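Here's the structure we're looking at; comments come further down.
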């Protein structure tokens, strides 16, 4: 089978993020994520690895001030594809169980990084 015609393998973490967004247990985009963090509704913030330096610093500072876990995951295009958008630089899980399941899936996929 030609690798060009083979469908892309979707990671478990991407599936968890997409499921959480559809279930309204996660928000995407800088403004909704910032609002969730400030309202202390966010349980985990996920940043795209290729997010701008300013965005990464902004969310890292906000999360460290509030003792909120943050992880860097894949690129903006892959994150966007997981949530049904073109690109996505930031997402926040609002449900602790889904956040833990996402982190476990990311560890199994071997793609997590600490900012």
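The values are calculated or read from the model by the stated rules, or taken from the named source; none is laboratory data. The model shown is predicted, which means the values in this text are computed figures rather than measured ones. Counting neighbours? That spans all protein chains shown, and the Cβs are built from the backbone with ideal geometry, glycine included.
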Exercise. For the stretch 82-104, which residues satisfy the criterion of being under 12 Å from the mean Cα position of the chain (by Cα) and farther than 15 Å from residue 26 by Cα?
Worked result: 87
Seminar exercise, completed: Among helices (runs of 4 or more DSSP H) entirely within the stretch 48-115, at least 3 residues that are in contact with a strand residue (DSSP E or B) (Cβ under 8 Å, 6 or more places away or on another chain) and over 19 Å from residue 34 (Cβ atoms) occur in 96-109
For this session: Identify the residue in the stretch 27-58 that is within 13 Å of the chain's Cα centre (by Cα), modelled with pLDDT of 95 or more and more than 11 Å from residue 90 (Cβ to Cβ) and, among all such residues, is surrounded by the fewest Cβ atoms within 10 Å (Cβ to Cβ).
Result: 43
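Would you mind stating whether residue 42 is part of a strand (DSSP E or B) and touching a helix residue (DSSP H, G or I) at 6+ places or on another chain (Cβ under 6 Å)?
Numbers: part of a strand (DSSP E or B): no; touching a helix residue (DSSP H, G or I) at 6+ places or on another chain (Cβ under 6 Å): yes.
The answer is no for residue 42.
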